[in-house]
Amino acid sequence: MSALLTTHGLAVRVGPTPVCEALDLAIAPGTCWGILGRSGIGKTTLLHTLAGLRDPDGGEVRWLGRDLARLPRRELARGLGVVLQHDDYRFPLSVRETALAGRHPHLGRWQAERPEDRDAVGRGAARGRPRRPGGTTRRLPLRGRAAAPRARDAARQDPRLALLDEPVNHLDPGQQLAVIELVRRRFGTAGRALVLVLHDVNLALRCCTHLLLLVGEGATRSGEVGALATPATLSELYGHPMAPVSVDGRPGFLPR
């Protein structure tokens, strides 16, 4: 099956500082990509570029073989879901209203939500409900918004690719795993894919099939987890020696 999102010679910069240079990437259905790198290296800026929220500084991003910059926003929104790290809560929306906002690309102008949209959001909310309330849980419906199941009309499908910027930031370990498993079940299947910006390398090793490492000064490494999860590569990535560990047969890394 052809890749959903591809980059060709992609260059992304923050001011004069390169995030990546000449990046060629192919995000295929059924894969889960983790974007890793040191704090401030440009992971969020790269994600915004992949989502079409900012223009590349060079090269191009393609969605299903078409130049992402030339696609109508509504068409792109039907296939690509984005949850940003920082959301603006200016309006007093309920959890259900927040999740329903994710169905708007599938509706006509001035069209109200349909019963199947409300049913879809209800099913998604039930799966993603946190065990206990808390200040950070207000972001959970926003994560669920990108993962709302499709309505019965195949033409009004939910996103095939989800781009999530630090989706488990400020959550406790149990909720981190619950959120990751929720989106993986939805997008880690045939026909769909997932891209996560993460800080926790061990969480990335647990849930991702592929990694994109932002090493610095525009240098990147990309490929399957098994090929990149080495002490040498991760030590270069974080600028600090990383030692391999194993817990119940599960590989991981800790700083020395």
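Bear in mind these aren't lab numbers, they're just calculated from the coordinates by the rules spelled out. Here the structure is a predicted model, which is why all the values come from computation and not from measurement. Here the Cβ is made from the backbone with ideal geometry for all residues, glycine too, and neighbour counts use every protein chain on show.
Close amide-amide hydrogen proximity is noted between ILE35 and LEU196, VAL197, LEU198, LEU212, each under 5 Å apart and 5 or more residues distant or on a separate chain (H modeled in the peptide plane; Pro and chain starts excluded).
Along the Cα-to-Cβ line of ALA227, 7 Å from the Cα, sits a label point; which residues in the range 3-30 have backbone N less than 20 Å from it? Answer for this model: 3-10, 20-30.
Equivalent-ellipsoid semi-axes for the range 201-256 (Cα gyration tensor, √(5λ), whole Å, largest first): 19, 14, 8. Under a Cβ-Cβ cut-off of 14 Å, what is the net charge of the residues other than HIS240 that fall near it, where Lys and Arg count +1 and Asp and Glu count -1? For residues surrounding HIS240, the net value is +1.
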